[in-house]
Every structure is written in structure tokens, then in C-alpha cells.
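Single-structure report; data block below.
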Amino acid sequence: MSAKKTLFDKVWDSHVVHQIENGPDVLFIDRHMVHEVTSPVAFLGLKSRGIGVMHPEKTFATADHNTPTINQHLPVADPLSANQLRMLEENANEYGISYWGLGHEKNGIVHVVGPEYGITQPGATIVCGDSHTSTHGAFGAIAFGIGTSEVEMVLATQCIMQPKPKSMRINITGGLQFGVTPKDVALFIISQLTTSGATGYFVEYAGDVFKNMSMEGRMTVCNLSIEMGARGGMIAPDEKTFHYVKDREFTPKGDDWNTAMNYWQTLYTDEEAEFDKELTFDGSQIEPMITYGTNPGMGMGISKDIPNASDVKGGEATYKKSLQYMKFGEGDSMIGKPIDFVFLGSCTNGRIEDFRAFASIVKGKQKADNVTAWLVPGSHQVESAIKEEGILDILTEAGFELREPGCSACLAMNDDKVPPGKLAVSTSNRNFEGRQGPGSRTLLASPLVAAAAAVTGKVTDPRELMEMETA
Amino acid sequence: MAYDKFTTLKTTAVPLPIENVDTDQIIPARFLKATERVGFGDNLFRDWRYNQDNTPKEDFVLNNPKYSGKILVGGANFGSGSSREHAAWAVYDYGFRCVISSFFADIFRGNCLNIGVLPVQVSADFLQKIYAEIEKNPNSEFEVSLVEQKVTILATGESEPFDINDYKKDNMTNGFDDIDYLLNIKGNIQEFAKSTPL
Ligand code: SF4
């Protein structure tokens, strides 16, 4: 009989074209997502080698990283950005790749539109020149970020060369407390593992907390896998997954659907399969989280105090440097710290559920005067849902504006930059020094925490506002 | 793109004893707008290296004339964060051919290997010895032998072996890249593609 396999093994092994002894596996890639920033040099490489794209029909291009989030109908003002966008369009046209550029109805953040249109499917191998490609693992796909040389590799040969990562399972049992979202679950795990705790591993998330989580929530968790150093994360597909995937533009139809389902239903970890590492946490212990430092591992329950340097693992000097950058002190409470910016968006938390959560808090309140808020939907589809569900009205009444889709302040390549020294509560995925603009200071948190900060002007436990409502 | 062959490197080294150096520090996002792989070295560690008015920050190691060389020695978890290969390009374009650390983030390590920068992972102890040697004498040389998979502090003769898989080692010593390899087995790939369900 065949050996017991993990979900990861099943998908990986079925995509290995060739194995090199004491070297990488040659892995076949089902879906390649391309964006403007990490692709131009790859296309140049193809040209200098005089070769083409092997499977343009498995390749999908969208513009998102380097796009404005206002006035998208106007020409892009920054000449360098405009040039990069034009290059992607030209390359897509030249090689016959579908291209959802600025203004296209399907345009949006690559990891948001992939699932929306059914490009993302269970059991697929998916890569993109962006580390948060791990998002697609929510569907039981093997999805990971790649560098530009690898983008060229996949364009040229539809394959990538990777040593097979080790496997880790993270179980979260029990239920979640009121006010605790998938983002908090992910930030909690990263705070426990540190940003390098899963380096070298591919993670499977298992347990009731993930079973009960929506597809959007699963995407948020898998998205953040890279922040614990993992190459990617995945969750076994279930009825919820199949229901989400069904009838989307690029998902199989008719007989093909049945064939696909036959495959997809085998995608789970066999009972006795072994992982290289296994961790279990109790979901009920997780609080709404917030970060206080300059990497996503420096996070804690929002009611806690910033740990002392002497109590943390790893380099004390680096820890102190980080707090100094943030202008925080050891032992500080985060609650009550005045903030300047709020960013709701990104491939971590720019989906409709995130806007619903944000709106649930700001409804009937007003944006604090000291806060500049950027609310950026992950895609046009999210934008439409915000309008159709009446969320836009709630936001507008509370003094917020909605911007147009894109990565925006997640990486601040466009004009959405947090100014030097300013403090932002952000639903994105990285709080690195200057990530949201040179000198910017970022607190990562859930949409609920972001909303609570947006209406109070300071770091606030969202449960206080939620309790008031239910009282 | 084939790149320079790498066999042995004998050079001084630049110390950066900071942990979790992320790719946003190595090359901030605002410098990713180029469509060609040129000039990234100028913006390596941009915001640590320059003030906002573009004057150099004197206390940053790349601005200290005492230190030079083709090896960058970084703290644990070097290169965490984004998949931007631009980070590896910036390291290369500045003139480094090797990064030594006690721990690397996966994607950064892979990106380095793909462009001909050798990531050398050593023990935390050995890393401290390297820092101590540079501290004692910034002109002290180190030898990184890919052939022997060994890094040596020449002043003291102390050395430590490092890991690299045979395939990548072969590629680097010959200046081949993965695409050269994959194009050679294109037939197999095309055959395989016919049987994929998705
Ligand atoms: S939103 Fe941020 S993390 Fe996501 S794809 Fe865009 S830049 Fe990358």
C-alpha cells in the first residue's frame, strides 16, 4: 500500500516532473500570476534568450503594486510607474497573456482576483512574484512567492526548481473569543513562532478554528504564512471551498467539474501521515492582536504591555533598535496611543468580509479628526460588493471615503505613503521600517482594531465598542 | 541569464550585525519601478544609508571607509520579507558576491543563488568569530571556497564548512542557471503537461 501522505505531499508529489539527486525537484506549475513590478526583467530575459512563454493560457497578469488608488481613469502621473505598467501591458500582448490592467473590470490585487475568478483551485500549484502568494493555499493549493529569475523560469518552462520543503502542521483547537478574527489568529501564531520559526517549512493549518473559518478568513491566515518564514501555508479543501470555487469564470464546468471534484476530494492529510513538526494552540487563548515593533513577530494581545528586552528571545540590541524606531518603550501599553493613519486593505484584509467587519464598528460613529483613513478594496469585485451591500453608505456617513483597488499603502510604491514619524494602524502584512513610506511607523492589526482606532483616534480594544453595541 | 562563475572568494568583509534584516531595508519598495536590472546597488540599504535629504548617514557601515570587501556579514534571519529579487540584485550590484549569516530567509536565499550571490550559512558561534575578527582588523581577509564548501578566517586559520546542494553548487561553479537546465528537459515537461488535470 502507498505510504500515508500529507495534503502537501499529495499536491507536491503529483506535480514533480523530475527529481535531481541532492538537488531541487522540477515542479510543474498550474497557474502563474504576474504583476508589473517583478516581471519586466523576466520578460527581458526571455527576449535575450530568444524564447517565448510556454503556457500563456496558464499565465494571468494584473497591475496592482504600482498603481494609484484615486483617479484610475486618468493617465498614471508618475512616469516610472506609467512605464512599468506599459511594459506589462506590452509583454502580455506580445506573449498572449490575459491582462487585467488598470481600469479593467477584473483588475485588483493579484491574490484577491485569483480566487475571485476561479484561477485559484484546490490541488493546484500556483506561483507569483510576490511572497504573499501563500494566500491561495486557503484552497488547498500549493502556492508560494518567487523571485524574478523564477518568474522567467516559469514563463519559459512552466516549471520551477525547488527543494521540497519540510512539513509543519499547526493545529488550533477550540473556539475563538468574541472580537477575535482570522488576522488575530495569524498574528498570534507569528508572535509565538517568530518571523523565522517556520523557515524551511510548508505549513498546514488544521483544527476547528480553521474548519469554522470562512474562505476569506482562511485566505487571511494563509496569506500571513510567509511572515513566520514559511514558504506557504495550506488548508485542506472542504465543502466550503468547493462551494466558493463553483461556477467562477475559470473553474471547470460540467464533466470537467466532476473530474476535478474527484481529485479535490482526495486532498486531505491521511490520518497517520507524519509532519516534520507539529504545533498545537488553544484558540480560546487568542486575544485581538496588535504589533508594536518592526516585524510581524513583534505582536501581542492588545491589552498586554510591550515585553522587556530581557524577556525576548533573540538579539536584545535589535529588539531595542526596533522599539526605538517605533518610539515605544519597554513595558508600554499600546492601548491609548494616539494614531495618525488607518489603512484598511491589502491582500491580507482587503476582501468584502474585512469591509463588513470595519463597517460594523464605525457604523453610527464618526472618523476621528486626527486620523487620515485609506480604505482600499482589494478588487473591483470587492468594491462593487461594498456598494451593493450598503457598506459604502455606512462608511460615508461615518466620514470615510473609499479608494480604488490596488496594493496601496501595503507597500507604498504609489502616493499612498504614511509620512515620516506618523503612526498607522494597518490591516496589511508588514510593519517593517519604512514599509508604508520612509520613516513611517506601522501597527498591524485586524479590520476591527483598525476601525476602533479610526473612530477613537487612538489604539482601542475593539471589544469595548462592540460590547457597547450589544449592551 | 548566465552569471559569473563562483569558485573561491578571498576578500575583506563588511559587518552588519543586525537580526531580521528584511528585504524592505535592503531595497525599499519605491526603488522597484525600474524595468531593467541596473543601478540597484545605489539604493542598497537606502534608508539606513542616507538621510531623507540624501546626505549619507555617517554611522551606517556602508558609509564607513574602514570597511570594504565582497562579503556582507548579516545577523540571523537575513533577507526576510518580500520575494523581490531586487534585494539580491542590489546586494550584487553594490559589489557583494557572498552573504554570510547564521540563518537566511528562504526566498532571499533562493534568489541569491539564482543570480550568483553565494549565501553562506554558518553557526552563530562562527558568525561571532567573524564579527570579532573584522572588529579587530577591518582589513582582515576571509576565504569562501565553494569548491570545498568552507569559509575560513585567514588571520586565525579557523574555518567552518557550509551546506549547498550539489546541483546549485554545480550551477554556480559553472555559471549555469536553472533555465538552461529546464530547457534541456523541455520534452519531459511538455509530456508531463499533457497529463495535468488543471
Ligand atoms: S497587497 Fe501588499 S502583500 Fe499583497 S500583493 Fe500587494 S504589495 Fe504584495
(message) Just checking, does region B:50-61 include any residue being in contact with a Leu (Cβ under 8 Å, 6 or more places away or on another chain) and surrounded by 24 or more Cβ atoms within 10 Å (Cβ to Cβ)?
(response) no
(request) Return the total of residues in region B:57-81 being within 14 Å of another protein chain (Cβ to nearest Cβ), away from the ligand (no atom under 16 Å from the Cβ) and within 26 Å of A:Glu152 (Cβ to Cβ). (result) 2
(request) Just one of (1) more than 16 Å from the ligand (Cβ to nearest atom); (2) closer than 23 Å to B:Lys186 by Cα trips up A:Val180, so point out which. (result) (2)
(message) Looking at A:Val221 and the list (1) at the interface with chain B (Cβ under 8 Å from one of its Cβ atoms); (2) of a type outside the set (Gly, Ala, Ser); (3) within 16 Å of the ligand (Cβ to nearest atom), which single condition is not satisfied?
(response) (1)
(message) Looking at the structure I just gave you, is A:Gly108 more than 9 Å from chain B (Cβ to nearest Cβ) and modelled with pLDDT under 95?
(response) no
(message) Please pick out the residue among B:Arg109, B:Arg84, B:Arg97 that is of a type in the set (D, E, K, R), at negative phi and at the interface with another protein chain (Cβ under 7 Å from one of its Cβ atoms).
(response) B:Arg84
(request) Would you be able to say whether some residue in region A:162-178 is farther than 30 Å from A:Gly23 by Cβ, within 14 Å of chain B (Cβ to nearest Cβ) and crowded, with 24+ Cβ neighbours inside 10 Å? (result) no
(request) Name every residue in region A:12-50 that is within 16 Å of the ligand (Cβ to nearest atom) and either small (Gly, Ala, Ser) or touching a His at 6+ places or on another chain (Cβ under 9 Å) (or both), in order of residue number. (result) A:Arg31, A:His32, A:Met33, A:His35, A:Glu36, A:Val37, A:Thr38, A:Ser39
(message) Of everything in region B:145-195, what is under 26 Å from A:Arg31 (Cβ atoms), facing chain A (nearest Cβ under 8 Å) and in a loop (DSSP other than H, G, I, E, B)? Give them in sequence order.
(response) B:Asp177, B:Ile185
(request) Look at region A:322-356 and say how many of its residues are surrounded by fewer than 24 Cβ atoms within 10 Å (Cβ to Cβ) and under 30 Å from A:Pro115 (Cα atoms). (result) 3
(request) Tally the residues that are free of Cβ contacts under 8 Å to residues at least 60 places away in the same chain and farther than 13 Å from A:Leu448 by Cα, restricting the search to region A:323-363. (result) 8
(request) Go over the candidates B:Thr23, B:Thr35, B:Thr7 one by one and state the one that is away from the ligand (no atom under 16 Å from the Cβ), of a type in the set (Val, Ile, Thr) and closer than 30 Å to A:Asn91 by Cα. (result) B:Thr35
(request) Would you check which residues across region B:39-49 are more than 10 Å from every other protein chain (Cβ to nearest Cβ) and not polar (S, T, N, Q) and list them? (result) B:Gly39, B:Phe40, B:Gly41, B:Asp42, B:Leu44, B:Phe45, B:Arg49
(request) Return the total of residues in region A:405-417 being more than 19 Å from A:Asn83 (Cα to Cα) and more than 13 Å from the ligand (Cβ to nearest atom). (result) 1
(message) Looking at the structure I just gave you, is A:Gly101 more than 30 Å from A:Asn262 (Cβ to Cβ), touching a helix residue (DSSP H, G or I) at 6+ places or on another chain (Cβ under 9 Å) and surrounded by 24 or more Cβ atoms within 10 Å (Cβ to Cβ)?
(response) no
(request) Name the residue, out of B:Ala155, B:Ala124, that is without any contact (Cβ under 8 Å) to a residue 40 or more places away in the chain, surrounded by fewer than 19 Cβ atoms within 10 Å (Cβ to Cβ) and hydrophobic (A, V, I, L, M, F, W, C). (result) B:Ala155
(request) Among the residues of region A:405-432, count how many are farther than 19 Å from A:Val37 by Cα and either among the aromatic types (Phe, Trp, Tyr) or in a loop (DSSP other than H, G, I, E, B) (or both). (result) 8
(request) List every residue pair whose Cβ atoms lie under 6 Å apart, where the two residues are 6 or more positions apart in sequence or sit on different chains, the first residue falls within region A:49-77 and is among the small types (Gly, Ala, Ser), and the second residue, located anywhere, is away from the ligand (no atom under 16 Å from the Cβ). (result) A:Ala61/A:Ala92; A:Ala61/A:Ile97; A:Ala61/A:Tyr99
(request) Report, by residue number, each residue of region A:388-404 that is at negative phi and either within 16 Å of the ligand (Cβ to nearest atom) or part of a loop (DSSP other than H, G, I, E, B) (or both). (result) A:Glu389, A:Ala398, A:Phe400, A:Glu401, A:Arg403, A:Glu404
(message) Yes or no: region A:51-60 includes at least one residue that is among the polar types (S, T, N, Q), modelled with pLDDT of 95 or more, more than 16 Å from the ligand (Cβ to nearest atom) and closer than 25 Å to A:Leu224 by Cβ.
(response) no
(request) Could you check region A:241-355 for helices (runs of 4 or more DSSP H) lying wholly inside it with 3 or more residues that are within 16 Å of the ligand (Cβ to nearest atom) and either under 21 Å from the mean Cα position of the chain (by Cα) or of a type in the set (A, V, I, L, M) (or both)? (result) A:346-349
(message) Need pairs with beta-carbon distance below 7 Å; first residue more than 7 Å from every other protein chain (Cβ to nearest Cβ) and surrounded by 24 or more Cβ atoms within 10 Å (Cβ to Cβ) and within region A:144-160, second assigned to a helix (DSSP H, G or I) and among the hydroxyl-bearing types (Ser, Thr, Tyr); sequence gap 6+ or separate chains.
(response) A:Phe144/A:Thr133; A:Phe144/A:Ser134
(request) Inspect region A:23-32 for any residue being surrounded by 21 or more Cβ atoms within 10 Å (Cβ to Cβ), within 11 Å of chain B (Cβ to nearest Cβ) and within 15 Å of A:Ile97 (Cα to Cα) and give the result as yes or no. (result) yes
(request) Select from region B:3-31 the residues that are at pLDDT below 95, closer than 26 Å to B:Asn171 by Cβ and at the interface with chain A (Cβ under 10 Å from one of its Cβ atoms) and list them in ascending order. (result) B:Tyr3
(message) With within 16 Å of the ligand (Cβ to nearest atom) and assigned to a loop (DSSP other than H, G, I, E, B) as the only criterion, which of B:Arg84, B:Arg30 stands out?
(response) B:Arg84
(request) Using the structure shown, decide if B:Asn114 is at the interface with chain A (Cβ under 8 Å from one of its Cβ atoms), away from the ligand (no atom under 16 Å from the Cβ) and either among the aliphatic types (A, V, I, L, M) or closer than 18 Å to A:Arg430 by Cβ (or both). (result) no
(request) Answer yes if at least one residue in region A:89-98 is within 11 Å of another protein chain (Cβ to nearest Cβ), at pLDDT 95 or above and either within 25 Å of B:Tyr181 (Cβ to Cβ) or away from the ligand (no atom under 16 Å from the Cβ) (or both), and no otherwise. (result) yes
(request) Scan region B:87-109 residue by residue and report those that are modelled with pLDDT of 95 or more and in a helix (DSSP H, G or I). (result) B:Ala87, B:Ala88, B:Trp89, B:Ala90, B:Val91, B:Tyr92, B:Asp93, B:Tyr94, B:Phe108, B:Arg109
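The values are calculated or read from the model by the stated rules, or taken from the named source; none is laboratory data. What you see is a predicted model, and the numbers here were worked out from it, not measured in a lab. Counting neighbours? That spans all protein chains shown, and the Cβs are built from the backbone with ideal geometry, glycine included.
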